[in-house]
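Notes follow once the structure below has been shown.
The values are calculated or read from the model by the stated rules, or taken from the named source; none is laboratory data. Just so it is clear, the structure is predicted and the values come from calculations on it, not from any experiment. With ideal geometry, Cβ positions are generated from the backbone for all residues, glycine too; neighbour counts draw on all protein chains shown.
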Amino acid sequence: MNKRGFTLIELLITLSIIVVLGVVGVMYLSDLRVHKILDNTTKEIVFTLREAQQRSISQQDEKQWGVYFENPTSSDDFYALFYDSYPSGMISKTHLQRAVIFISPPAGASSTTIFSKRTGWPTSSTSITIALFKDSSINKIISINEVGNISY
């Protein structure tokens, strides 16, 4: 006798395989999403640093420009573009997404990078480290050397 169709065991095994593949796929896409957020945040910070540097080189508004980074203990981490001094000359303020945090400056501290007029050189070389909130071992380091080269 030749029966057609699937047995209950075959259907359960197939369904189990589909569920496992679906869970693995969702976990992979979620991980990929937070890594992309870290990459985009790094690029946005580098863009802001280069904008401050270019404004200093061109002596826009005859000012010296910089970027202020703050890692407060009671609110979201942020960075701000400013001229002359922070906060009186603040132009824009950007909060980090909740998936990303500053490692450097450390919690409760801040850091300021100011670029000289005409040369665009920073007042001192420095680095800013951002990381994933859930796993700080996954991080990006943005470096500004003494002659103004910005790398990550």
Members of region 52-81 that are buried (at least 17 other Cβ atoms within 10 Å of the Cβ) and either outside any strand (DSSP E or B) or free of Cβ contacts under 8 Å to residues at least 24 places away in the same chain (or both): 52, 53, 55, 56, 57, 64, 77, 80
Residues of region 6-38 classified as surrounded by fewer than 12 Cβ atoms within 10 Å (Cβ to Cβ) and either within 13 Å of the chain's Cα centre (by Cα) or among the acidic types (Asp, Glu) (or both), total: 3
Hits in region 109-128 (condition: surrounded by fewer than 17 Cβ atoms within 10 Å (Cβ to Cβ), out of contact with any Asp or Glu (no Cβ under 8 Å at 6 or more places or on another chain) and of a type in the set (S, T, N, Q)): 116, 119, 123, 127
Of all residues in region 82-107 being assigned to a strand (DSSP E or B) and aromatic (Phe, Trp, Tyr), the one that is farthest from residue 143 (Cα to Cα): 83
Residue 41, sole failed condition from (1) more than 20 Å from residue 110 (Cα to Cα); (2) within 14 Å of the chain's Cα centre (by Cα); (3) of a type outside the set (Gly, Ala, Ser): (1)
Pick from region 56-83, criterion among the charged types (D, E, K, R) and modelled with pLDDT under 95, ranking: nearest to the chain's Cα centre (by Cα): 76
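Please state which one of 114, 142 is hydrophobic (A, V, I, L, M, F, W, C), in a strand (DSSP E or B) and more than 17 Å from the chain's Cα centre (by Cα).
Details: 142 fails: more than 17 Å from the chain's Cα centre (by Cα).
Only one candidate qualifies: 114.
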Scope region 139-152; condition more than 30 Å from residue 34 (Cβ to Cβ) and either loosely packed, with under 13 Cβ neighbours inside 10 Å or of a type in the set (Val, Ile, Thr) (or both); matching residues: 146, 147
Enumeration of residues in region 127-137 that are at pLDDT below 95 and in contact with a strand residue (DSSP E or B) (Cβ under 7 Å, 6 or more places away or on another chain): 133, 136
Of all residues in region 129-138 being touching a residue at least 60 places away in the same chain (Cβ under 8 Å) and under 13 Å from the mean Cα position of the chain (by Cα), the one that is surrounded by the most Cβ atoms within 10 Å (Cβ to Cβ): 130
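Determine whether residue 33 is of a type in the set (Lys, Arg) and modelled with pLDDT of 95 or more.
Working: of a type in the set (Lys, Arg): yes; modelled with pLDDT of 95 or more: no.
Spelling it out, it is not the case that residue 33 is of a type in the set (Lys, Arg) and modelled with pLDDT of 95 or more.
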